[in-house]
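Let me begin by presenting the structure, written as structure tokens, before commenting on it.
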Amino acid sequence: MPLILISGYPTSGKTHRSNQLVNFFDHKIAASDEPKVKRLKVHHITDQSLGLSRDVYASARPEKDARATLSSALKRHLTRDAIVVADSLNYIKGFRYQLYCEAKAVQTPNCVVHVGTPVEKCRALNDQSLAAGTGGYESAIFENLVFRYEEPNGMSRWDSPLFTVPFDDAEPPCEAIWEAMIGSDGKAKVVRPNAATVLKPASEQNYLYELDKTTSDVLSAIKTWQADHPGEGGGEVSVAGAEHSITLATTPASLPQLQRLRRQFIGLNRQHALDKRRVLDLFVDYLNDAFQT
């Protein structure tokens, strides 16, 4: 069943909009006479429910760990009888793409709900929360997250369908989201997986070999580019077979840094029997995520 990603600036009202959606879904399920709808359960996953504080966004390593925790929780709840509402910043397009792949792998639809609160209003609300001691992000963290926010784009398949909720709207477009994700005919919406998301049986030995070789090939492509562009940063590295290019950081990455990122990625995916194409695309997205922080 569907994965609904909530995205927006910090202190934009994401949890408020998520609660509105969850309440609407619960009411819709309770009022339905359709057996396929009645058995649905709504899972509202938030940073708070996972024990993640706002301080994790202060530096790159704990933030990556927090995203891994969120991703693992979403994958555990993505079943045929669940509606999963992911209430977090979800501000990095590479991470949204990764979750899009996870949803497609289990053949379930997904959408993005963009809480479109203007940044000035978010900043004022954040300052109020800090002053009142009721939450909020430290000013430096807030400004950094706003600077790095990658707004969803409905033209990108991983952000589509996209529903934007202006700050002044009383309710999100709940009916439209229900229709897009569940439908009114009682028939489950099934998404056909593609080559990048189909799980293929593989022996542990063969899978680990492919995981090691694919990630090593990507690092080789980066090192070759760096050797041809000494001292340069911020370039685009194309990797054969990958859907996206790698956008390097403005400061050239050292070999130990690249090897550390590779080890982290292998550690996160060691237990998942992904096909080679999926490993390649997810590793490219993982590196882009790391280089943008």
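Here, each number is a calculation from the coordinates, and none is a lab measurement. Everything numeric here is computed off the predicted structure, so don't read it as measured data. Neighbour counts are summed over all protein chains in view; Cβ atoms, including those assigned to glycine, are modelled from backbone coordinates with ideal geometry.
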Mean separation of Cα contacts under 8 Å (at least 6 apart) over the residue count of region 204-292, i.e. the relative contact order in percent, is 37 percent
Of K93, K121, K64, the most mobile residue in a GNM of the chain (C-alpha springs, cutoff 10 Å) is K121
Considering only Cα-Cα distances, which of the following residue pairs are longer than 30 Å: K14/K104; K75/K223; K64/K223; K14/K36; K14/K41?
K75/K223
Quote the charge dipole size of region 204-292 about the Cα centre in Debye, to the nearest 20; the model charges only the Cβ of Lys and Arg (+1) and of Asp and Glu (-1).
300 debye
On C-alpha positions alone, give me the angle between the axis of helix 119-132 and the longest principal axis of the chain, in degrees, nearest 10.
80 degrees
Output wanted: per-residue J couplings in Hz (rounded whole) for region 93-98, from phi through Karplus 6.51 cos²θ - 1.76 cosθ + 1.60, θ = phi - 60°, x for Gly and Pro.
5, x, 6, 5, 5, 4
Residues with beta-carbon under 13 Å from that of E138, excluding E138: net charge, scoring Lys, Arg +1 and Asp, Glu -1?
-1
Per DSSP loop assignment and a cutoff of at most 12 other beta carbons within 10 Å, the chain keeps its longest run without exposed GluC sites (Glu not before Pro) at 1-231
Quick one: Debye curve from the C-alpha atoms of the chain, no solvent, what's log10 I(q)/I(0) at q = 0.08 Å⁻¹?
-0.37
With all pairs of different alpha carbon atoms counted, what Kirkwood hydrodynamic radius in Å does region 204-292 show?
13.2 Å
The chain: relative contact order in percent, alpha carbon pairs under 8 Å with at least 6 residues between
23 percent
Among H229, A242, F167, which residue has its Cα positioned farthest towards the positive end of the charge dipole of the chain, with +1 placed on the Cβ of Lys and Arg, -1 on the Cβ of Asp and Glu, and the dipole taken about the Cα centre?
A242
With only Lys, Arg, Asp and Glu charged, each at its Cβ (+1 for the first two, -1 for the last two), find how big the charge dipole of the chain is about the Cα centre; round to the nearest 20 debye.
980 debye
Listed residue (N144, G13, H77) projecting farthest to the positive dipole end of the chain, Cβ model
H77
